[in-house]
1. In nm, one decimal, shortest first: how far is the label point of B:TRP51 (7 Å from Cα along Cα to beta carbon) from the matching points in the other copies?
2. Which value at 222 nm does chain E reach when only helices count, each DSSP H run of 4 or more adding -39,500 (n - 2.57), with the total divided by all residues and rounded to the nearest 500 deg cm²/dmol?
3. Mind checking Rg over Rh on chain E, alpha carbons, Kirkwood formula for Rh?
4. Give, as ranges by residue number, the residues of segment A:92-129 whose backbone N falls under 20 Å from the point 7 Å along Cα→Cβ of A:MET150.
5. Would you work out the Kirkwood radius for segment C:79-137? I mean one over the mean of 1/r across all pairs of different Cα atoms, in Å.
6. Write down the Kirkwood hydrodynamic radius of segment C:3-116, to one decimal in angstroms, obtained as one divided by the mean of 1/r over all alpha carbon pairs.
7. At E:ALA2, label 7 Å along Cα→Cβ: distances to the other copies, nm, ascending?
8. With the label 7 angstrom out along Cα to Cβ, how close does B:SER152 come to the same site in each of the other copies, in nm, nearest first?
6 protein chains.
Amino acid sequence: MARPSGRMPDQMRTISFERGVSKHAEGSCLVKFGDTHVLCTASLEERVPGWMRNTGRGWVTAEYGMLPRSTGDRMRREAASGKQGGRTLEIQRLIGRSMRAVVDLEALGERQITIDCDVLQADGGTRTASITGGWIALHDCLDWMHQRQMASKTRVLRDHVAAISCGIYRGTAVTDLDYAEDSEAETDANFVMTGAGGIVEIQGTGEGAPFSRAQFDMLFAQAESAIAQLVELQKQAIGA
Amino acid sequence: MARPSGRMPDQMRTISFERGVSKHAEGSCLVKFGDTHVLCTASLEERVPGWMRNTGRGWVTAEYGMLPRSTGDRMRREAASGKQGGRTLEIQRLIGRSMRAVVDLEALGERQITIDCDVLQADGGTRTASITGGWIALHDCLDWMHQRQMASKTRVLRDHVAAISCGIYRGTAVTDLDYAEDSEAETDANFVMTGAGGIVEIQGTGEGAPFSRAQFDMLFAQAESAIAQLVELQKQAIGA
Amino acid sequence: MARPSGRMPDQMRTISFERGVSKHAEGSCLVKFGDTHVLCTASLEERVPGWMRNTGRGWVTAEYGMLPRSTGDRMRREAASGKQGGRTLEIQRLIGRSMRAVVDLEALGERQITIDCDVLQADGGTRTASITGGWIALHDCLDWMHQRQMASKTRVLRDHVAAISCGIYRGTAVTDLDYAEDSEAETDANFVMTGAGGIVEIQGTGEGAPFSRAQFDMLFAQAESAIAQLVELQKQAIGA
Amino acid sequence: MARPSGRMPDQMRTISFERGVSKHAEGSCLVKFGDTHVLCTASLEERVPGWMRNTGRGWVTAEYGMLPRSTGDRMRREAASGKQGGRTLEIQRLIGRSMRAVVDLEALGERQITIDCDVLQADGGTRTASITGGWIALHDCLDWMHQRQMASKTRVLRDHVAAISCGIYRGTAVTDLDYAEDSEAETDANFVMTGAGGIVEIQGTGEGAPFSRAQFDMLFAQAESAIAQLVELQKQAIGA
Amino acid sequence: MARPSGRMPDQMRTISFERGVSKHAEGSCLVKFGDTHVLCTASLEERVPGWMRNTGRGWVTAEYGMLPRSTGDRMRREAASGKQGGRTLEIQRLIGRSMRAVVDLEALGERQITIDCDVLQADGGTRTASITGGWIALHDCLDWMHQRQMASKTRVLRDHVAAISCGIYRGTAVTDLDYAEDSEAETDANFVMTGAGGIVEIQGTGEGAPFSRAQFDMLFAQAESAIAQLVELQKQAIGA
Amino acid sequence: MARPSGRMPDQMRTISFERGVSKHAEGSCLVKFGDTHVLCTASLEERVPGWMRNTGRGWVTAEYGMLPRSTGDRMRREAASGKQGGRTLEIQRLIGRSMRAVVDLEALGERQITIDCDVLQADGGTRTASITGGWIALHDCLDWMHQRQMASKTRVLRDHVAAISCGIYRGTAVTDLDYAEDSEAETDANFVMTGAGGIVEIQGTGEGAPFSRAQFDMLFAQAESAIAQLVELQKQAIGA
């Protein structure tokens, strides 16, 4: 088996994080997983959703979008079609849960941070890139607050969080599927884990055919290794 | 640790399937997982979505809804609010994928079967009940077609599919969470598996805190056992 | 003339009320007019619409929906199409007005009761079944409040309300049209009346051709008799 | 009892029809019932709704709208709020049914006529004015077609149709309620009848309290007399 | 070159203003530019948009709509299609800006005036007619307030505002394009100016082909002359 | 008078074009006018809108969007709010008209090119940057077609098109307003012109107060000079 990109089965694409790409946002990061490019911003607001008011706790949420021509064929703009599709809603709920899993909402105080993940160019793995880059934007936003003594970054941000997709491509377990692999893979799983190795989310799907426990375990092992690398790269990016 | 319901950790609620509850639908089933009651219907249409026309293949899709007062507090009716929420879309996409995982779309021919899962009463686990009961409705729809020689049920329907939720409740792995447990569980995973034990979907979430590999393995083991029981109950229900 | 069901011209279908079908709702009733089955729930909320605040008066409103496969052909789910159709809005406004006609809104106090009528299976006469069964749900909700000394049921609920459709089918006035009759009837009228015989709503339509005063008077007479029977059945159902 | 306007109980407001008010429409009429002014246009299109294609039959439908400041307080523009309210949908369905009751859809041929009724100024009775004036627009549209030998007006248009509201105001049955009466009336019924005296629609509502059969009969008698006068005025207007 | 209407190049259509056409509105005007008829109303409300509260300043806004059959072919009703199109939004934003350009929002006080411009019949130039007639409605609303000593009309309303379209039709600069000219014109510009000759808005578009500075200057000169005439007609209309 | 940026009155910000930034689009350009950054893509589709079918002519259209945190305060995502605002629709209509003014739609053939302009970072002048950069994307898309012999670039693309804003800031006419100037300017005009100096669009607005003909002439003169420079920069960017 050869991967279309010539990568080894457990080899991720080239990963990069460019911080501070937005003049306005409190935190921002242009994350690249190969040809998948996502612009992540973290926006701080001094208000929380209605159902959280007067609880003393803050909130972290996320929104996700794809530019219409981030993909091979132009997609319809969701703003023009008048609603966000099920896939969009599913992904932004996942990003939000992933961020909240490593945030102490009480320590944040009654404020909201919104992580916007906008896909400038897509080549598979946009949700895992969004989570991994979104964490950098979140970190930088908390840094910004820390410098202004609005909150203690170390108390609010309890750990790293990063994500990777693994799948069975032509019978072999591979890490960080690109679009060519993803559209053909029998099985596809997304893993979200913390720096300490805790599991935040697992989403595995047997698209064409059910998969076995043994296959799942292989994907899991590769994901653990990849996420450890991503966390290392996040550390380098923030200069930790 | 005691479960609010007094059940053993790996004990499911009382499960029942009532077939043929709809005068109109080609297949139907009122499924109960304890106090969670879902009305599942399978509707056959001699047309497929536009993007599938002239492919010779059929399609199976699902829609999900909750009656406004199926829950403890009355929820806003989605028809009145003008859109289906992210949770609804996520669940109906999951049900659809689960059904398609055991259907041979070529053998079905260019037709669509829609599985409607409407929650009459909710007490946790509505998506797993929907999948498990939806399979019965699908089966009966294919039986209806089989009797009319429109398609071969045995060729179209390759296996059973059933689903269960497992989670960590007060430190213990428990099977088939009800609402009281679900709203408090640290970790919650939904498993969808076939009669042959193949994995169709795994969705695990560490709501409050990340979970460990060991915890996940426990949930997995309980789910395998529960799904085997559910498949057995499905067999009894259809008289197989 | 023979009715498709073999009923006598003034004979209603078999009517039944099953109370307490919802674990959550303050009042609930599964009403059946033959093969027309409607699940009615009454939900109490300690708030009123904005325009009623600080008036000291309460509000009773209704919502109506049909499950997609409650009908012979599957209908599109209104939540998916993004709006409630004109027929739905018309029916739920009618149910709401009918309930309010027998409620003392001042005695209710500044609270709202919502009657949800969801059609599980349709065979004509869903709006009349909804009103007749909705009244039971409303009664049981007020009973629930009475037991908790939140309001006096006898002061709030001034009378019964019930509804029936009558129409001219193949030249004969018939009571309680089923779908086979309804889709063919020249004239169709819905009557909503109180236990005391007061008229709450009359809606008569000459679908195919105008009708005469004499025809209308016949329908009216049959409706009065049928509603008296329905009120009697309501009394039995609540044990009055 | 004195009516706010000083009219006799069975006295309608001053009624007028101004034909040909639209440069573009095939038929048009500005109808006035006192201070209620409705602009009615009939638009002919050489196509029918999808579900009617290739049936050889035509269709007549209606749309209704109120200008935002046609009322005492400015209402929100429905185009801005993004949907037509239940009242609007109910009224336009009523107007459409009323027109179709006097049209031979086969004789019309596979074409659609849309009656648009836009309320320029409202003072009660907008739906009855819309039906009564809409008939003039419909007539003139059929006249236009007749002159072009597209259809036979006398075959397509079988009769007049007109409408009036009657109600119990301070204990007395009154005809053609204006806003001052309508907002206070205990009971309110709309009657739609043909030139031959056939009943097309009856919609009676006991807003505050149920009404009796005797009261209804009084309203009915006044309505019959008023509609006979309206039909006479229509005849004068079209020069028949 | 001959204009379809036989007008001279710099000749406007017959302009008329009918004041006080609405029983309910604080100010109203039916403006006619030839066969273009627009009903303008000014509605006073004792509240401002949320973002203006407690600023002590008022707001003037506008809404625009076309009746479905104001045009040669029936257009879809925007209330039915569920949204206002881009052209509608663009025009109503323009009308609002034009009105605000001559209003002292502080002198108005914390109130909102909404100018509704509803096109009863369209024959080109609906936006310029709306602005020119809208000013009359605005004036009369302020007069109404002045009489009630709610605000000083002379302080609030600083000047007249009127608008005209000019364009290049078959090579010649013409004033006040009607539909026949507008649909064929190479270039089309709308000018909004004050009584003192100040420019409020200029919108010029080279539909088919770019235009030159010299052409633009010709249009501008004609517009200045036409607007001076319109202001004169406004003065006559209000009896100034 | 000093501009906040220290620029001379007629000095544009630093302008740059980065071509080929999208792996998927037929043409793309990241255009920067100082801190205003817009990603423009051109997408070719072998179909035209319904109303253009079988005309043999093509179409060029545009869509515009702002990332939620492209601005100082986070804006609501239009996809989430369910509709595009009036400003968005107005801008994308302007971009589309500007592109079509320099395209021979017959020579294009029955195809559609969509120019998507997505603002990654905003600091005033996003619509003028979109037009100027959108032309580069359009050019590159036509180049792509030219290389594949699908169309003749030189026949389809008749000229350059570029745009600039000019305004009166603290009494002085300035070119290429940034956000600090724009939010304070008394007058603001956008000019769209071709390489040959033809005028495509002029949109001038006196926000706070009307402006004079002399002021407008100054803005015009500065715009002509700036657009000539922009066209020169476009030529350099495409290597012409």
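Each value in this text was obtained by applying a stated rule to the coordinates, not by laboratory testing. These numbers were taken from a predicted model, which means no experiment stands behind them. Don't worry about glycine lacking a Cβ; one is built from the backbone with ideal geometry, like all the others, and counts go over all protein chains shown.
1. With the label placed 7 Å along Cα→Cβ, B:TRP51 yields 2.8, 2.8, 3.1, 3.7, 4.3 nm.
2. On the way: 7 runs with 79 residues, N = 240.
It comes out at -10000 deg cm²/dmol, rounded to the nearest 500.
3. Working: Rg = 17.7 Å, Rh = 18.2 Å.
My calculation of the ratio gives 0.97.
4. Zone members listed by number: A:96, A:99-117.
5. Numbers: mean 1/r = 0.0775 Å⁻¹.
Across segment C:79-137, the inverse of the average 1/r is 12.9 Å.
6. Numbers: mean 1/r = 0.0611 Å⁻¹.
Every distinct Cα pair counted, the radius reaches 16.4 Å.
7. 6.4, 6.6, 7.8, 7.8, 10.1
8. Label-point separations across copies, in nm and ascending: 6.0, 6.0, 7.0, 7.4, 9.4.
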